[in-house]
Each structure stands twice: as C-alpha cells, then as structure tokens.
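These notes concern the structure reproduced below.
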Amino acid sequence: MVKSRRDFIKISALGTTGVAVGGKLLFANNNKQTKVVPKGPFKLPSDFSRTPTYCEVCFWKCAGWIYKNDKGEVQKIIGNDDDPNSNGRFCPRGTGGVGMYYDEDRLKTPLIRVTDKYGNQTFEKASWEEALGLISKRLQKVIDVHGSECIALFTHGSGGKYFGNLVKSLGSHNIAAPSYAQCRGPREVGFIATFGDGLSSPEPTDIRDTRCLVLIGSHIGENMHNGQVQEMSEAIDKGATIITVDPRFSTAASKSKFWLPIKPATDMALLLAWMNVIIEEDLYDRKYVEKYTYGFGQLKAHVKSMTPEWAYGITTIKPDVIRATAREMAHASPAVIVHPGRHVTWYGDDTQRLRAVAMLNALLGSWGRRGGFYIPDKAKVPGVPHPPYAKPTRTWRDAMKGKYELADLALANGVCDATIPDASLGCSIKAWIVNGTNLVTTLPETEKTIAAIKSLEFIAVIDTMPMEITGYADVVLPECTYIERYDSLRVTQHREPTITLRMPAVEPKYDSKPAWWMAKQLANKMGKGDYFPFDSIEEELDWQLKEVGSSLEEMQRIGVKNLKRPYDDLYFKDDEDIEFNTNTGKIELYSTSLEEYGFDPMPKYTAHPEPPEGYYRLIYGRAPMHTFSRTANNPNLTDLMHENVVWVNPKVAKEWGFVNNQEIYLQNQDGAIATFPIKIRVTERIRWDSVYMVHGFGHANRKLSRAYGKGASDSELITKVMMDPIMGGTGMRGNFVTFLTSKPVKEEAKS
Amino acid sequence: MRYAMAIDTKKCVGCSDCVVACQTENLVPHGYARDWIVEVTDGTYPQLELEYRSERCNHCDNAPCVRCCPTGASFISEGGIVKVEHDKCIGCGACITACPYDARFVHPEGYVDKCTFCDHRLEQGQDPACVAVCPTKCLYFGDMDDPNSEVSLVVKKRKFKTLIPEAGTEPQLYFLI
Ligand code: SF4
Ligand code: SF4
Ligand code: SF4
C-alpha cells in the first residue's frame, strides 16, 4: 500500500536510526501524566548579545544567529556554521529577515470584528483576554452545535504545531497546509508510488557530489532553497553537467551545458523519450534495475514507440538533443539527479509526471547512491506527553467522496471544499483557524475560497502581518515574529541528524505573542490544558532536549547540535538487499498501487490545452529575494525588489507595440482581470507563447504600505484549475492571459 | 598589501544576498546600497547568454575620486582601500561625478558613502560581509601581493575582465568569466 509511510527505507538491522533514549521514546504515547519538570531559571533574551534561531522566511529553516548592537537592538542575522541547511550562509531573504521584525505595518494588538448600529463592520482593538475568550466561546459553540470535526486549521510555519495540538485536542483532524496540494504534493505521491518513500524537506538530493544535474521547470538560483543553491555552485566548480528544461532562460539555464527551451506543458513527452533512449540504447544501470526494480519489461514495451522523433513533434526539442542529454545522464550514472523540483502542481497529471521523473532516476540507479539521492537521517526527539486525542468520526476526506485517497497529507483545497455546505454530506466545516498563510492568495480559485469563508460561522486569523486573509477574520491575533519567540525544535532531515533551537533575541514588539502561548491559553479556556502540560515553553524545550542528551542551556550557546548518524548508511551498499516500502518490495517502474486505485500504472503523455490566438500561457515563479507574500512588505527585501513585472518576448512586444516599463493590465481566458497594472519587461529570456511573472505581488490590502498595489497578482488570473485525479493537487499552469492597455471600467452594480 | 576581490560570474546567481548583507552589516539606510547586481542578457531566443555581476567600488589603484576631492576626505587607506573620512567630507559630490563606476552616493546624513571592503571586519580577521554571506561562494577576497592568496590564485587560473579598463583607473575587482 502506497499510503502507509514507514521508515525511509527498511534496511534489515538498520531499521531505527536516531538517538537511543531507552524506553523514553514511548513516553509520548503514554497517557499517564508523569510530568518531568525541569524548572528554570532560564536565561532571558537580554542576557545574550547573539541568540540562536532558525529562519522562518521559507521552509528550508536555516539555522543562524541574531546579532544585536550595543544598545541591545536587533541588527543582523548570520548563518550558523554548524548547520547543514545553511553552512553559515543565509540566502538574501534570510539575511533580510530582520525586516520582518522591524516592519512597522505589523499587526500590533488583538482585533475583534464589531458591527455598529448602522451595520458597518470594523475591527476594534481588544485585550488578549477578550480576544481569546471570544475565540474559545465561538469554537465551543461550533463544537456543541455541529461537533468538533467542524473545526479546521490551515497553517504554514512553525506555530502550526501548537495550533495543531489544540485542534486535535478538541477532536478534529482537519489540519492542512497549502504547501501540499498547491505545491509539492504530487512529487511526494509520485515518489512514494515508485520508491515507497517521498522526498520531504530538505530534499535528499546529493547535488554537491553529482556529475549531472537535470532541472525540469525547477529554477534553483531563483528559488533560493539555500543548501541546493550552495551545492549547485559547488557542482559547477567541480565541473558537473547541468541540463535545464524550461521555456524560460532561467538563471539555472544560463549555467547549463544544455538548455532545452521546451514548449510548455509537454515535459511528459520528453521524460518518456529519455526513458526510451536509455532503455533502447542499453544505457540504464542494469545491475540496479535487475536487483531493485519491478516492471522493467512492461516499461520497455510501454516506451518503445516514444522515440525522440515522436517527442520532437510535441516538445520542439530536437531528437539529437534528446539523445545527447540522455547519454550525458547515463554517462554520469549513478551520480546523476533528475531533480524532482518543488512547485510541481502544473497540469493535473503532475503525480504521473513526477512518477516519470522518479522512474528515470530508477533507471539511472541514482536513488540511494552518491551524487544521486542520499538516505536522509532525522533526530528522534520525543513529543510532549499528552492524553490521547479523541478519534474524529468525520474528516474533510468525507467531502471528497472517495476521491484523492492517495493524498498522504490533507488537501488545503479539500478542507476548503468541505466548508462549502453540501446537502449530500450532512455537516460542513463551520470554523477556521488560519495561522501564517494568506489563503486568499495561496489557494487557487479565490472566489471559491471567499465563498467558503462566507459560509463559516467563525474564523480566527493568527499572523504577524495584515495579510488579505485578516480582512475576513472575526478575530485577528498578532503573532510575534520568529525573532521574538521560542518555537518547537527544528528536527529536519539531512545527511546528519541535527536539532536546532530558536529563541527570542528580544521581547516581542507591540502587543504580539508567540503561537505556543496563544494555543496554550485557548486550550486552558476550553478545558484541554492537559495537552499543554508544561507551564512555559522553556520548560517544554528543556525537557525535550534533556531527553536527547542536551539542554536548553547548551542549545542557547550552540544553536545547532549534530546528533551523529549512528550507522554508515548514507547510500546503499554495493549489492545490499533492500526492501522498499511498496507492494512488491521493489522500486516500482510499474506501479501496482496506482493500478489498484484505478490509475495508469505507467505514465502517459496527454496533450494539454494551448493558448488561444492573442493569449499567452501564464508562467509564474519566484525571485531570489522574496518568499511570495510573506516578504512582500519587508522593508529590507522590497528595497531589492518592490514589484513584479511581466516578461514578454520581443516578438510579442513588437506585435503589441509594447516598450519596456509600459504598464498594462492582464486578463485571463475567463475574463478575470488583475486588480493592479503591471510593467512590461521585454526580454529574450521567455518564449513567445508564454509570459512570466513572479508570484506574491499585487497586494490589495492598504495596510501593507510597501506592498499595496505593487505589481500584479498572478493568483487573480488563476481561475482554471486542473485537478490531479490521483492526489487532489491543483494544477495552475493551464491559464492564459492577454494584455489590456487600459482597465475596462466595471459596470456599477445596480442597487 | 593590496586588497582585491574576484567575482565568479559563472557561479553568481544574482540573488542580491551580498547587497542585503552589506546593508545590515554597515547600517546602509533603506534605499541606498554600497554594492549592487548587474544582469546582462545577450543573444536571441534560444541562443542566449546571461551574466550576473556583483559590483561595488573597484578600489582603484589610480582613483579619480581621490584625486578630485577638495578636502582630502577621500583617501587611500591601508591595503589600497579607497575610503571617505566622514568628518572631512562636505558632500560636494565631486567624487561622485569622477567615479566611472557610480560607486558612491550621498548618505542622508550628508557625507559621501561607499564600499569600505568592510575594513572593520578585516581588522577582526573576517571576510567582508558580502563575501562571507554569498551562498554560491562566488566572491573571493584577499591580498593580491600574496601570490598564494585565494584571490591571487583564482585570478591567475581563470580568465577575467575588469570594468571600463579604458578609464585607466586600474580597478581591483576581477570578474571571472
Ligand atoms: S533558504 Fe533563505 S529564507 Fe529559507 S530558511 Fe534559509 S535563509 Fe531563510
Ligand atoms: S550573494 Fe553571491 S550569488 Fe548572490 S548576487 Fe551576490 S555575489 Fe551573486
Ligand atoms: S566589502 Fe563590505 S562594504 Fe563593500 S560591498 Fe561588500 S559588504 Fe559592502
């Protein structure tokens, strides 16, 4: 069964890795409340001139130090040399992270929505007692009337763990992050279907030792996922070949030996043709394929007709280039990485495309091999003891009516759908808690999200910034930034298992509070205090750290601790017997689990819609100095880039008579027009059938003084979603835009 | 001692980390920068080339900004670092006009400001902030008079260019190509 996720790889006798703390690992599941209480006194932020943290600007979570000036004010953030995610060097967003703390547009006090006698709604400042009291009362009402399963949490960021604990303690398992179905979900499912395990973060790509790195729509260097950027640079130094497939001449493309300027939406044909060449020319890793894989014969027959000549007609990539690049990969094998990318929700057949990527890696024997994919390790840190969670009788999955069963995590859009009342389902979700995610721009189909919000009985939003979503809230809680708070330990996978502490550098500005504190207060008010057994987060962290042989005091000094890999098992050994977590125990080139669920066991090419005359495919991506809307108002980072522009090929510009920096409006195939204009950038770096813009701009909330009206929002133009039938991912690359030189005046609604 | 910097354009991704790190290290006010990124695209689709350059003051051996300064505020410090003594600077802007690289600006506090090669960090044995932060490690810094310094070695080994050599300023930023 694909769904069951066990250890990364079942290697006999090497089963559990991590730190041995005897029976204490089981402690987390023990309902007896044997509380080990390490009491302080703990040191205060003011006792330090530099404090450890891990970055919250993106999910890479680099560890670093916050330095203060001699007045005790936050000055700069520098990477921690002992951290494998950053190697002592932050990316521009992390370096500019201080701007999140200094942003004067931050949320400053709790706010409660009030309606005056004329029916006008406004936010009124409230005390924490009032705001938390109101939230607990309203959530309790939803529980009493509809049941606890009618509460949902959307979260992105470190506070999610605490709100998750709260929501589960109340009896709901509707907890979703848009980073799954709107981003990396298909690749997890595609890789699980093939290797029995997903990739998670940071991806275990062994880029530093690779001899050939293949990027398909993945733009390392513009996405600054720190370790990957660093290792790609190291690989360039060592003379590795880079092959980049992208309709845009990306930064990575410019560093590549081969740039394949593919026609958008045809990547699957290229992947299949590569497999054809590698099999037909006998270039695959025969020993690996014979020992570890299942279904090679079927795959061989399946791709027989998918020749480079066949793919040429689809992708516009010449057959000799397809052959040359396939040979280049095989030549480097097994030190080759066909990179899975990150944001892979494109055309609705994304799980299958990522399956093809996984299968290609399997043919090249790169999974579990040096210079390919290493086997990550992760520290085992016991969870905080708590009573068992009540088992919910319903979840968002019921609203999916049997669809998307292969999703291994909750779908944010699924939870959203389960909120829209549907008579056939009985009860819909009635209350949302939204922490650190601007759902109105992160979920596609904004109108649907807003419809779901309107049908709610209650919504609380917890954020550091007045993002658009706060405008829909009944109660807004100001969270302090990562610079001002403790959080759960960072326990991420890497070549070595490490733990990392985040502690406050300074006291929270304004009347903001950390997530841990808010969740605990709410739990206390709702009679669930047992789920937060410690009085302070310092105590909780100190207890956890002592369980793994460290302490809060030690971690405050060092920030990152390497717990050392207990076995020499970073790669497969020669000829090692390995049982993969798939039905057959093999790497499945032919997926028995997809077949079991009624899906194609091997990926097929399907043609996707093409832009109509006068329209261009909307491609969006990232800039190295921003993490979407999270940084759009950051004073340090807006200094580097304050708006997005739309990239247009000179041929297209000529046809339309456009010049650089001219402002235009974008309209999509469904007539949706972006609220704000955007400037044209005429550049050879984009194909003539597409336009490109950076995601995360065009904010409509005036309270974001630097971001308001700067550039345009691509989300507003993504009205067509191509659903992935396998796991419910929301494919967003099937939207086409045209240009308007002035904004059409909207007809006034007749009242 | 002759400080210099080499910038590997084959590795630089134009991320601007060097810019923001300089700003937080040297308290450069928002809206100003001592270093910046230049992106150059050449060719037509799909025959393209792209170069990113992290630029800053070239700490020229023959520095026109120093020669033209009426008060002596602009001077050449140890290791060839071109500096401005804030107290002596009257903000006349002669040096700004003289610099062919546009490396100087008037700080809101009234004096001319520019890259210092982070000499306050060099004193502590640290690399300049931009060099220390660059995630691609494409910036090399050190003593050109020392034939075994990293910067000397990389400049010896690789092809490089300098900016506007025809200005005769003898710039000390080497762009590896
Ligand atoms: S990659 Fe950059 S933004 Fe992401 S965690 Fe690291 S420093 Fe922060
Ligand atoms: S930090 Fe490094 S990679 Fe980024 S722009 Fe500066 S020099 Fe280039
Ligand atoms: S050497 Fe120092 S002052 Fe000069 S650009 Fe780099 S960080 Fe800024």
Exception for B:Pro128 within (1) within 15 Å of ligand 2 (Cβ to nearest atom); (2) in contact with a Ser or Thr (Cβ under 6 Å, 6 or more places away or on another chain) falls at (2)
Scanning region A:53-69 for residues that are more than 16 Å from ligand 3 (Cβ to nearest atom) and without any contact (Cβ under 8 Å) to a residue 40 or more places away in the chain gives A:Asn69
Filtering region B:10-56 down to residues that are of a type in the set (A, V, I, L, M) and open to solvent by 30 Å² or more (accessible area, probe 1.4 Å) yields B:Leu27, B:Ala33, B:Ile37, B:Val38, B:Val40
Flagged in region A:210-224 as in contact with a Phe, Trp or Tyr (Cβ under 9 Å, 6 or more places away or on another chain) and surrounded by fewer than 24 Cβ atoms within 10 Å (Cβ to Cβ), in numbering order, are A:Gly217
| task | Answer yes if at least one residue in region B:121-130 is within 14 Å of another protein chain (Cβ to nearest Cβ), touching a Cys at 6+ places or on another chain (Cβ under 8 Å) and within 16 Å of ligand 1 (Cβ to nearest atom), and no otherwise. | result | yes
For B:Phe160, the lone unmet condition from (1) surrounded by fewer than 20 Cβ atoms within 10 Å (Cβ to Cβ); (2) within 14 Å of another protein chain (Cβ to nearest Cβ) is (2)
Of the residues in region A:440-480, those that are among the polar types (S, T, N, Q) and within 18 Å of A:Gly696 (Cα to Cα) come to A:Thr441, A:Thr442, A:Thr446, A:Thr449, A:Thr464, A:Thr470
When region A:620-660 is checked residue by residue, the ones that are crowded, with 24+ Cβ neighbours inside 10 Å, away from every other protein chain (no Cβ under 14 Å) and either of a type in the set (Val, Ile, Thr) or over 26 Å from A:Ser218 (Cβ atoms) (or both) are A:Val646
Of the residues in region A:711-728, those that are open to solvent by 10 Å² or more (accessible area, probe 1.4 Å), in contact with a strand residue (DSSP E or B) (Cβ under 7 Å, 6 or more places away or on another chain) and of a type outside the set (A, V, I, L, M, F, W, C) number 1
(1) within 14 Å of chain A (Cβ to nearest Cβ); (2) among the aliphatic types (A, V, I, L, M); (3) under 28 Å from A:Gly64 (Cβ atoms) all hold for B:Ile177 apart from (3)
**Asked** Would region A:241-248 turn up any residue that is away from every other protein chain (no Cβ under 12 Å) and open to solvent by 10 Å² or more (accessible area, probe 1.4 Å)?
**Response** yes
With the first residue restricted to region A:83-99 and required to be within 8 Å of chain B (Cβ to nearest Cβ), and the second required to be more than 16 Å from ligand 3 (Cβ to nearest atom) and of a type in the set (Gly, Ala, Ser), Cβ contacts under 7 Å at 6 or more apart or on different chains are A:Phe90/A:Gly64
Taking region A:684-718 and keeping residues within 23 Å of the chain's Cα centre (by Cα) and either among the polar types (S, T, N, Q) or in a strand (DSSP E or B) (or both) leaves A:Tyr692, A:Met693, A:Val694, A:His699, A:Ser713, A:Ser715
In this structure, is B:Ile7 on the phi < 0 side of the Ramachandran plot, away from ligand 2 (no atom under 16 Å from the Cβ) and open to solvent by less than 10 Å² (accessible area, probe 1.4 Å)?
-> no
_When you scan region A:382-392, do you find a residue that is over 21 Å from the mean Cα position of the chain (by Cα), within 27 Å of A:Ala152 (Cα to Cα) and among the β-branched types (Val, Ile, Thr), even just one?_
yes
Subset of region B:111-132, residues part of a loop (DSSP other than H, G, I, E, B) and within 12 Å of ligand 3 (Cβ to nearest atom), comes to B:Lys114, B:Cys115, B:Thr116, B:Phe117, B:Cys118, B:Gln126, B:Asp127, B:Pro128
Counting only helices (runs of 4 or more DSSP H) wholly inside region A:78-170, the ones holding at least 1 residues that are more than 25 Å from the chain's Cα centre (by Cα) and surrounded by fewer than 17 Cβ atoms within 10 Å (Cβ to Cβ) are A:98-102, A:128-146
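The values are calculated or read from the model by the stated rules, or taken from the named source; none is laboratory data. Predicted, not measured: the structure shown is a model, and the values here were computed from it. Using ideal geometry, Cβ is built from the backbone for each residue, glycine included, and neighbour counts are taken over all protein chains shown. Accessible surface is based on the protein model in full, side chains and every heavy atom, while ligands, DNA and RNA are left aside. Shrake-Rupley method; radii C 1.70, N 1.55, O 1.52, S 1.80 Å.
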